[in-house]
Amino acid sequence: MEAARESMAALVDAGLYDCAQTLGCFLVSSSPASSEAGMSMKVESLVLHGDALHGEKEFRRALSAYKQAMQYSKNIPRQATSNTRSSVTATGRSPSPNSSSLAPLNENEVKFKIALCYSALREHREALQEMEGIPSKARTLKMNLMLGKLYRISRNNRAAAVCYKECLRQCPYVFEAITALAEMGLSSKEFSLIFSQAPNRGGKAPGDSLDAQRWWNRYVEAQCCIASHDYKGGLDIYLDLMQRFPNNVHILLEIAKVEAIIGRNDEAIMNFEKARLIDPNIMTYMDEYAILLKSKSDYTKLNKLVHDMLHIDPARPETCLALAALWERKDERKALTYAEKSLRVDDRHITGYIMKGNLHLLLNRPDLAVTDFRGAQELRADLRSYQGLVRAYLALSKCKDALFTAREAMKVMHQSAKALKLVGDVHAISSSGREKARKFYESAIRLEPGFLGAALALADLHVAEGRNKDAVLLLERYLRQWADDSLHIKLAQVFAATNMLSDALSHYQSALRINPHNEAAKKGLERLEKQMKGVDPDAPEEDEENEADDVDGDQDDAELLHGNWKTSDDDGCLSLTASKFSC
């Protein structure tokens with residue numbers, strides 16, 4: 001069976017896992033010779049079979065094959081094989097298929113493969129036990145990275161930091177380790193020390209190394225800023241790096257992600273679109289882009305994005321969340337189903353928890369939303385998880401918990417206008433707290449004059465206290481500097497409430513000129529037109545066309561998951577033709 005085993009190794013190396021695992025069934029079922037060579041061939045066949053099954057994503061079967069290989073290996077006399085141990089390669093197999101004398105099993109490599117299987121099955125405790133059985137001096141770069149992830153999942157950050165630091169000592173460009181260490185609080189100076197300990201690969205000239213260290217240090221500084229919630233500092237550094245590396249898709253996406261977190265939605269959309277122009281097949285953070293398009297009610301672009309993502313990779317969590325954003329307008333429960341699917345694909349996808357929490361709030365389940373936002377915070381706390389928690393606690397009438405969470409956000413994100421507004425939002429709930437709310441909103445505006453969210457909240461506060469004129473003056477002052485549809489809508493609402501209907505009409509129309517897709521402006525204008533005709537806008541009316549309009553929106557899950565999407569001409573809804581895709 002020597003020739004068959006050599007062929008199987010070639011099939012595995014070529015990525016032809018289906019053929020390899022079929023051949024493996026013959027090899028592992030053959031009776032091994034009682035000799036040492038025969039047992040070694042059996043061990044290697046089992047490892048090869050495990051590799052083929054792992055490539056086919058049959059992780060439970062691969063796990064069984066690797067464990068059998070380890071068990072057979074224990075029965076091979078150690079003394080007889082010690083002379084060949086130095087020839088073992090990192091694959092766990094003999095260095096050459098044509099070699100007549102088989103090298104012994106690389107147990108550390110097989111333990112790593114077992115850990116990979118456990119991790120794929122989300123049995124992280126068992127994976128960690130396997131990885132801890134590999135001596136620290138024998139761990140390769142990929143082993144240290146894997147162990148760092150597992151320690152972090154088990155919330156052993158100290159041990160995780162040791163592994164990630166070792167990764168950077170071996171290679172300073174392990175960006176996953178940089179991000180993780182920044183989130184665990186490692187300073188820029190500590191990063192620089194690690195960089196100085198990294199080997200100078202390829203005998204590069206000192207000038208090359210210095211140039212690499214300069215931009216690497218700047219990237220690390222940006223990661224440290226963002227991890228400590230200094231979003232402005234991180235953005236400034238990223239923009240500086242864009243001068244050095246124009247059209248860098250990774251930096252563009254990082255900039256857009258941060259802009260989305262802090263509410264600079266227009267800038268974030270622009271940068272996501274730039275990234276897609278450079279690389280139309282990019283999937284990273286495209287769920288964030290989808291959520292922004294949904295917030296702008298730009299369903300034409302959202303439909304196109306979902307169509308593209310389904311073609312690129314329908315199984316990614318980002319695709320599921322883009323579908324959730326698309327369905328939210330028509331069917332919030334179906335949208336929730338897609339958010340839950342994204343977390344089944346990747347239970348550490350933070351945006352999935354944020355989306356799921358917001359959908360639970362829309363479905364009037366704030367108790368479940370608290371769990372979702374807490375799940376996001378356990379992975380990495382950011383402004384959106386704090387905002388979601390505050391909204392959920394307020395919906396549950398847990399004002400103390402909401403205030404505690406908002407204050408925690410303010411402590412964590414010091415000098416953040418958004419955090420100040422969050423505290424103001426909690427105080428604004430009660431009439432006795434409105435004066436405190438006003439002070440927090442005004443402090444947020446002083447800290448960040450362009451923060452429209454604080455201006456809109458302060459305008460609401462003026463209206464609640466009967467100071468409509470103050471609200472109008474504030475909003476008009478902002479409109480002189482920022483032509484934003486949300487400002488026009490708020491002004492229209494204030495004018496409509498004071499029966500200044502023509503002024504309200506003008507501002508709704510201005511909002512729609514800025515953003516023709518704005519649903520709030522459309523609904524407000526429709527309501528206003530009824531008022532101007534003397535019709536009660538709250539009176540119920542039958543809309544015979546609703547049922548027909550919603551036919552496309554209420555299709556079965558099977559159709560949506562397996563449909564070929566195209567954009568219609570009327571309202572940007574997706575129609576379905578050939579069955580082809582799944583999430």
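The values are calculated or read from the model by the stated rules, or taken from the named source; none is laboratory data. It should be emphasised that the depicted structure is a prediction, and the values quoted were computed from it without experimental measurement. With ideal geometry, Cβ positions are generated from the backbone for all residues, glycine too; neighbour counts draw on all protein chains shown. Each accessible area value is taken on the protein alone, full model and side chains, heavy atoms only, with ligands, DNA and RNA left out. Shrake-Rupley method; radii C 1.70, N 1.55, O 1.52, S 1.80 Å.
Condition check: closer than 28 Å to Lys296 by Cβ, small (Gly, Ala, Ser) and touching a Phe, Trp or Tyr at 6+ places or on another chain (Cβ under 7 Å). Does Ala437 satisfy that? No; evaluated as a whole, the condition is false for this residue. Contact map, the range 467-496: first residue among the β-branched types (Val, Ile, Thr), second residue open to solvent by 70 Å² or more (accessible area, probe 1.4 Å), Cβ cut-off under 9 Å, separation 6 or more or different chains; pairs are Val494/Met500. Taken together, the criteria exclude Asn217 from residues that are open to solvent by 30 Å² or more (accessible area, probe 1.4 Å), under 23 Å from Thr179 (Cβ atoms) and part of a loop (DSSP other than H, G, I, E, B). Note on the range 311-336: residues that are farther than 24 Å from His250 by Cβ and either assigned to a loop (DSSP other than H, G, I, E, B) or open to solvent by 10 Å² or more (accessible area, probe 1.4 Å) (or both) amount to 10. Looking across the range 377-426, the residues that are in contact (Cβ under 8 Å) with a residue 60 or more places away in the chain and open to solvent by less than 10 Å² (accessible area, probe 1.4 Å) come down to Asp382, Leu383, Met413.
What are the residues in the range 107-126 that are among the small types (Gly, Ala, Ser) and open to solvent by 10 Å² or more (accessible area, probe 1.4 Å), if any?
Within the range 107-126, Ser119, Ala120 meet the criteria.
Would you confirm whether or not the range 29-43 contains a residue that is closer than 15 Å to Lys113 by Cβ and touching a residue at least 60 places away in the same chain (Cβ under 8 Å)? Yes: one or more hits. Among residues of the range 127-160 being open to solvent by less than 40 Å² (accessible area, probe 1.4 Å) and without any contact (Cβ under 8 Å) to a residue 24 or more places away in the chain, the one that is farthest from Ala177 (Cα to Cα) is Gly133.
Has the range 232-244 got at least one residue that is acidic (Asp, Glu), open to solvent by less than 50 Å² (accessible area, probe 1.4 Å) and assigned to a helix (DSSP H, G or I)? Among the residues of the range 232-244, not one is acidic (Asp, Glu), open to solvent by less than 50 Å² (accessible area, probe 1.4 Å) and assigned to a helix (DSSP H, G or I), which makes the answer no. Set side by side, the residues Leu361, Leu379 differ, and just one is of a type in the set (A, V, I, L, M) and at pLDDT 95 or above, which is Leu361. Remark: pairs (first residue in the range 254-278, under 21 Å from Ser486 (Cα atoms) and open to solvent by 10 Å² or more (accessible area, probe 1.4 Å); second residue modelled with pLDDT under 90 and of a type in the set (A, V, I, L, M); Cβ separation under 8 Å; 6+ apart in sequence or on different chains) = Ile261/Leu383; Ile262/Leu383. The residues of the range 337-351 that are assigned to a helix (DSSP H, G or I) and without any contact (Cβ under 8 Å) to a residue 60 or more places away in the chain, listed by number, are Ala339, Glu340, Ser342, Leu343, Arg344, Val345, Ile350. Among the conditions (1) modelled with pLDDT of 90 or more; (2) surrounded by fewer than 16 Cβ atoms within 10 Å (Cβ to Cβ); (3) touching a helix residue (DSSP H, G or I) at 6+ places or on another chain (Cβ under 6 Å); (4) under 19 Å from Thr140 (Cα atoms), the only one that Gln170 does not satisfy is (2).
If you go through the range 279-310 and keep only what is touching a residue at least 40 places away in the same chain (Cβ under 8 Å), acidic (Asp, Glu) and in a helix (DSSP H, G or I), you end up with Asp287, Glu288.
I'd like to know if the range 411-420 contains one or more residues that are under 26 Å from Ile153 (Cβ atoms) and assigned by the TED database to the domain that holds Leu321. Looking through the range 411-420, none of the residues is under 26 Å from Ile153 (Cβ atoms) and assigned by the TED database to the domain that holds Leu321.
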